[in-house]
Amino acid sequence: MGTPEAELVRAVLILALGAPMGSFAALLADRLPRGRPVALTRSCCDSCQTPLRWFELIPILSWLALRGRCRSCAAPIPARLWQAELAGLALAGLALWSGLGLWGAALFWCLLALILSDLRFYRLPDLLTGSLFALACAAAFWPEGPGGPTDPARVLQALAGGAVGAGMFWALARAYRLWRGHDGMGAGDIRLMAGLGAMIVPLAGWQGLALVTLIAGLSGLALGLMRALRRGRNLRRRVRLPFGACLGNAAIFVAAGAALGLI
Ligand SMILES: [Zn+2]
């Protein structure tokens, strides 16, 4: 915490980063699951491959100015791009409002990339789950930012949270496999739980981690029911679910709720 001016500058910085980080999350969620390179490639139109000019990369505004179409070939620009930018901005606002600051925003943006990747490809790339775990441990070690006072006790909480989160899901996955004879949960979900445990336990305690799995389980069940009903399927048949996205949403909800004193 610093002077009111420093706080204001920090708040403006976090908000200004929101939409570009949402855009970056969409890019990671688009390229990592398909094994495409992230760095050193210019963004271009998916239809005509024309490289985008700098003004076409301005989040939200460029989409509005171009009326959602490519400047060269007039192909529609996917709505998921501006939706991700808006989500990045909203998560920055949530992190500020709940007092979680830049660490909270960074964790939320990382979760956004994981959620988008799981919703579209049912994949949770290792680079993202690993980054979430590393970010969560760094946030626990330097609660007020790198270079500030350190808190080794919180790091132990984060590590214990990560171990219990991943261990719990590993045991669940084993049990499901023994019971049904096929995998019900991917290794990505187990790795995601390592990051979520490390993020949630220092912020919201063990009951916070239990709440994340409960909310994710219930929302996953609701989503599965909705999909089964819409497709007219028998509930006994397998319905593929982006459970990692349910976990990510639940974690954002619980982290912000705990920081606001609601949970
Ligand atoms: Zn185009």
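FYI, it's all coordinate maths here, none of it is from the lab. What you see is a predicted model, and the numbers here were worked out from it, not measured in a lab. Heads up, the Cβs are rebuilt from the backbone with ideal geometry, glycines too, and the neighbour counts pull from every protein chain shown.
Results, tabulated for the structure shown:
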quantity: Residues that are surrounded by fewer than 19 Cβ atoms within 10 Å (Cβ to Cβ) and aromatic (F, W, Y), drawn from the stretch 74-119; calculated: W97
quantity: Condition met for W63 (within 16 Å of the ligand (Cβ to nearest atom), among the aromatic types (F, W, Y), surrounded by 15 or more Cβ atoms within 10 Å (Cβ to Cβ) and assigned to a helix (DSSP H, G or I)); calculated: yes
quantity: Matching residues, the stretch 43-60, being in a loop (DSSP other than H, G, I, E, B) and within 14 Å of the ligand (Cβ to nearest atom); calculated: S43, C45, D46, S47, C48, Q49, T50, L52, R53
quantity: Filter pass, A75 being of a type outside the set (K, R) and over 24 Å from P202 (Cβ atoms); calculated: yes
